[in-house]
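Chemist: What follows is a single structure, and I will ask about it in a moment.
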Amino acid sequence: METSIKLNNEVFDIEKIRSDFPILHQLVHKKPLCYLDNAASTQKPKVVIDSISDFYSTTNSNIHRGVHFLSEKATQNYENTRTTVKDFLNAKSEKEIIFTSGTTSSINLIANTYGRKNVNKGDEIIVTNMEHHSNIVPWQILCEEKNANLRVLPINNNGELILEKFNELITERTKLISVVHVSNSLGTINPIKKIIEIAHKNNIPVLVDAAQSIQHLEVDVQKLDCDFLAFSGHKIYGPTGVGVLYGKENLLEEMPPFMGGGDMISKVTFEETTFNDLPFKFEAGTGNIAGVIGLAAAIDYVKSIGLENINKHEAKLLNSATEKLSEIKGLKIIGTAKEKTSVLSFVVGNIHPHDIGTFLDFEGIAIRTGHHCTQPVMDYYKIPATSRASFAFYNTFDEVDHLTSALKKTIEVLS
Ligand code: PLP
């Protein structure tokens, strides 16, 4: 295995990085694990695992409500994560950072609060043809309830958004544009800043689904000027069951709460309840305290490697894999946008992606096969599914070679 790669005169020590991830060092079907399913979920470095284990071993207690030592310590660690996330996103204030269970729940929160308050009969919400189901279904439910309409920005054959079509889609009834930053099935990086500029010229707020960008690219909410942004901890080397909703403070202030319960109130009587201040107004009940604390460890870890270094290494992996897989007869890459993250979706003739995935598994290779919760993308390309290899910064060029040769072998057997 290559041990160090030079990036901009900095040494990217891949062996050292891999040693931070305990799960990577195991055999699967007697072959070394080659984990290429990072767009579905990333693996966790030991610092993240340790932070969760330490929390339960030393600090476990409920937050915000206790006057005792452990509760105060747990509260401090939990709130420190809010500051870590605020700094990572360059938000203006901790009040703009709400902990949720993930991207899906963050988007549902906006649909149920901002959406329910502001979308009325005949109004419109715009999404794109490359959204994850998480950024389609909540809006469909809202539109159904409100008798509103969901409109869709189309894509071209490379898997890029056709921005010019915004002219036809945006009307005075458009209440929100909700758009994915990076497509999980195509890898396309959308020109999110430009989309936000177009939307804001028309006084339309924008929600950014950052589930697939937060782990690859700098996401600066002030530079982007997005109104809402959602991401999941497990895609950025953190725990499952924790996520973030960013919202501009003035918008969050005006929104009604989503779930009612403990922690989100300031006073309850049977006659009237008043709600807590931001961000607690949107955090009803006991959340995933250990997960939130683990998320801070994940963000600190990513910062220690550096998003720029991560991006450069992953771009090299993507280029190498794209070049090698393109040479395989009958293989067609789905998603050939100019700007991509390290996601490589492909189909091979009539071979079902599930068969490819199963054969590769026997070689120790984990890829994802299916519609990737983006059935409208599959419909656009008139295919039921793709095979998808997605790379993280702990992947190696040897693994790209292993994927290539295992794939050739698989196709030979299945053709
Ligand atoms: N949006 C995108 C682009 C995704 O890739 C995913 C997960 O794959 C989601 C939303 C949903 O994320 P979660 O299941 O963590 O809520």
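Chemist: Which members of the range 344-365 meet the condition of being surrounded by 18 or more Cβ atoms within 10 Å (Cβ to Cβ) and either of a type outside the set (Phe, Trp, Tyr) or over 26 Å from residue 23 (Cβ atoms) (or both)?
Modeler: Residues of the range 344-365 surrounded by 18 or more Cβ atoms within 10 Å (Cβ to Cβ): 344-348, 351, 353, 356-357, 359-360, 363-365.
Those that are surrounded by 18 or more Cβ atoms within 10 Å (Cβ to Cβ) and either of a type outside the set (Phe, Trp, Tyr) or over 26 Å from residue 23 (Cβ atoms) (or both): 344, 345, 347, 348, 351, 353, 356, 357, 360, 363, 364, 365.
Chemist: On to the next question. With assigned to a helix (DSSP H, G or I) and either open to solvent by 40 Å² or more (accessible area, probe 1.4 Å) or not aliphatic (A, V, I, L, M) (or both) as the only criterion, which of 172, 144 stands out?
Modeler: Criteria check complete, one pass: 144.
Chemist: May I ask you to list the residues in the range 324-343 that are farther than 30 Å from residue 23 by Cα and within 16 Å of the ligand (Cβ to nearest atom)?
Modeler: 337, 339
Chemist: What is the number of the single condition among (1) more than 13 Å from the ligand (Cβ to nearest atom); (2) crowded, with 20+ Cβ neighbours inside 10 Å that residue 132 does not meet?
Modeler: (1)
Chemist: Specify which of the listed residues (186, 207) is within 16 Å of the ligand (Cβ to nearest atom), assigned to a loop (DSSP other than H, G, I, E, B) and under 22 Å from the mean Cα position of the chain (by Cα). Step through it out loud before you land on a result.
Modeler: On the way: 207 fails: assigned to a loop (DSSP other than H, G, I, E, B).
Among 186, 207, only 186 is within 16 Å of the ligand (Cβ to nearest atom), assigned to a loop (DSSP other than H, G, I, E, B) and under 22 Å from the mean Cα position of the chain (by Cα).
Chemist: In addition: Return the total of residues in the range 382-399 being open to solvent by 10 Å² or more (accessible area, probe 1.4 Å) and more than 24 Å from residue 155 (Cα to Cα).
Modeler: Looking only at that region, the number is 3.
Chemist: Report, by residue number, each residue of the range 104-128 that is open to solvent by less than 10 Å² (accessible area, probe 1.4 Å), more than 16 Å from the ligand (Cβ to nearest atom) and not in a strand (DSSP E or B).
Modeler: 113, 115, 119, 123
Chemist: Kindly indicate the residue of the range 357-375 that is assigned to a strand (DSSP E or B) and in contact with a Lys or Arg (Cβ under 9 Å, 6 or more places away or on another chain) and also nearest to residue 29 (Cα to Cα) among those meeting that condition. Write out each step before concluding.
Modeler: Initial filter on the range 357-375 (assigned to a strand (DSSP E or B)): 365-366, 368-370.
Still in the running and in contact with a Lys or Arg (Cβ under 9 Å, 6 or more places away or on another chain): 365, 368-370.
Values: 365: 10, 368: 17, 369: 19, 370: 22 Å.
Filtering first and then ranking leaves 365.
Chemist: Could you grab me the full set of residues in the range 194-219 that are open to solvent by 20 Å² or more (accessible area, probe 1.4 Å) and among the charged types (D, E, K, R)?
Modeler: Initially, the range 194-219 is screened for residues open to solvent by 20 Å² or more (accessible area, probe 1.4 Å), giving 194, 197-198, 200-203, 217-218.
Result: 194, 197, 201, 218.
Chemist: Mind checking whether some residue in the range 73-95 is open to solvent by 10 Å² or more (accessible area, probe 1.4 Å), within 16 Å of the ligand (Cβ to nearest atom) and farther than 20 Å from residue 206 by Cα?
Modeler: no
Chemist: Pairs please, first residue from the range 158-174 and in contact (Cβ under 8 Å) with a residue 60 or more places away in the chain, second anywhere and in a helix (DSSP H, G or I) and not aromatic (Phe, Trp, Tyr), Cβ atoms under 8 Å, 6+ apart in sequence or on different chains.
Modeler: Matching pairs, first to second residue: 159/377.
Chemist: Would you mind finding the one in 13, 54 that is more than 16 Å from the ligand (Cβ to nearest atom) and in the same structural domain as residue 403 (by TED's automatic domain parsing)?
Modeler: When all the criteria are applied, what remains is 13.
Chemist: Within the range 244-252, is even one residue in contact with a strand residue (DSSP E or B) (Cβ under 9 Å, 6 or more places away or on another chain), farther than 28 Å from residue 78 by Cβ and within 16 Å of the ligand (Cβ to nearest atom)? Working first, answer last.
Modeler: Initially, the range 244-252 is screened for residues in contact with a strand residue (DSSP E or B) (Cβ under 9 Å, 6 or more places away or on another chain), giving 244-248, 251-252.
Those left that are additionally farther than 28 Å from residue 78 by Cβ: none.
No: zero hits.
The values are calculated or read from the model by the stated rules, or taken from the named source; none is laboratory data. Small disclaimer: the values here were computed from a predicted structure and weren't measured. Here the Cβ is made from the backbone with ideal geometry for all residues, glycine too, and neighbour counts use every protein chain on show. Accessible surface areas use protein heavy atoms only, side chains included; no ligands, DNA or RNA. Shrake-Rupley method; radii C 1.70, N 1.55, O 1.52, S 1.80 Å.
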